[in-house]
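The values are calculated or read from the model by the stated rules, or taken from the named source; none is laboratory data. All figures in this text were calculated on a predicted structure; none of them were measured in a lab. All Cβ positions, glycine included, derive from the backbone under ideal geometry; neighbour counts span all protein chains shown. All accessible areas refer to the heavy atoms of the entire protein, side chains included, with ligands and DNA or RNA removed. Shrake-Rupley method; radii C 1.70, N 1.55, O 1.52, S 1.80 Å.
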Amino acid sequence: MSKQWYIGVTKQGQETLARRELGNQGFITYLPMCIAEWARKPKIKPFLPSYIFIALDPVSDRWRAVFSTFGMRTVLCSGDRPQVAGDWIIDGIKEREIDGLVRLPPKVQCKFQKGDRVNVRGSSMVDVLFEEALDHKRAVVFLSLLGRTNRLVVPLAKIAASPLAGVAAA
């Protein structure tokens, strides 16, 4: 049997320690990293906190040694055998890497702020409050209807500024 990728679960914040210790034992690992631009001071962090990919052959490798490795918590298993992570997962992450860092899509730029009154074009919805842009095509709004606040996902292109935009929401 050839080596396949498996998912290891690390102790919180100990991904690099686990990578080093697994490497010392001869395991091949993959710890995707990204720039945490959401942090106050952007820094390089694990792309999937508390997870590391380990290439091994469960028949010939001493994979149970992973359990007692510094920084490791466990390996995702199905029954008493480690669960294979498809190559497509690793390939998909590696495709997004530039200079060794996984690049996340840019944050959606939107002219509306959380709490802005908006209209949804082509509908009779009134008193709609903008919450957030989910992606480049969809947004979350809140609509008050029959005394209840309802969360709706609507096409971003259908959202327009409300003529009541300057009036405070109730």
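Listing for the model above:
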quantity	calculated
Accessible area (Å², 1.4 Å probe, nearest 10) - residue 15	10 Å²
Rounded to 10°, Cα long-axis angle of helix 15-24 versus longest principal axis of the chain	20 degrees
Charge context of residue 10, other residues only, Cβ under 9 angstrom, K/R +1, D/E -1	+2
Of (i) 22.4, 85; (ii) 29.1, 105; (iii) 23.2, 69, the label for Rg and Dmax of the Cα atoms in Å derived from the coordinates	(iii)
Virtual spin-label span in nm between residue 4 and residue 127, 7 Å along Cα→Cβ	5.6 nm
Computed Kirkwood radius, in angstrom, where 1/r is averaged over Cα pairs of the range 1-100	14.1 Å
Size of charge dipole - the chain - debye, nearest 20, with Cβ of Lys, Arg +1 and Asp, Glu -1, no other charges	460 debye
DSSP-loop trypsin sites (Lys or Arg not before Pro) across the range 51-108, with at most 15 other Cβ within 10 angstrom	62, 96, 103, 107
Virtual spin-label span in nm between residue 94 and residue 113, 7 Å along Cα→Cβ	4.5 nm
Positive dipole terminus of the chain, leading residue within 42, 16, 28 (C-beta point charges)	42
Environment charge at residue 82 (Cβ cut-off 14 Å; Lys +1, Arg +1, Asp -1, Glu -1)	+2
In the range 1-146, lysine pairs with alpha-carbon atoms under 22 angstrom apart (chain gap of 8 or more, or interchain)	12
Karplus-derived HN-Hα couplings along the range 78-85 (A = 6.51, B = -1.76, C = 1.60, θ = phi - 60°), whole Hz, x at Gly and Pro	10, x, 9, 10, x, 8, 5, 9
The chain, helix-only ellipticity at 222 nm - DSSP H runs n ≥ 4, -39,500 (n - 2.57), divided by all residues, nearest 500	-3000 deg cm²/dmol
Formal net charge of residues neighbouring residue 71 (Cβ-Cβ distance under 15 Å; K, R +1; D, E -1)	+2
Accessible area per residue in Å² at 1.4 Å probe, computed on the chain	66 Å²
Accessible-area composition of the chain, carbon plus sulfur, in percent [1.4 Å probe]	54 percent
Residue 28 paired with residue 77, simple spin-label distance in nm, labels 7 Å along Cα-to-beta-carbon	2.4 nm
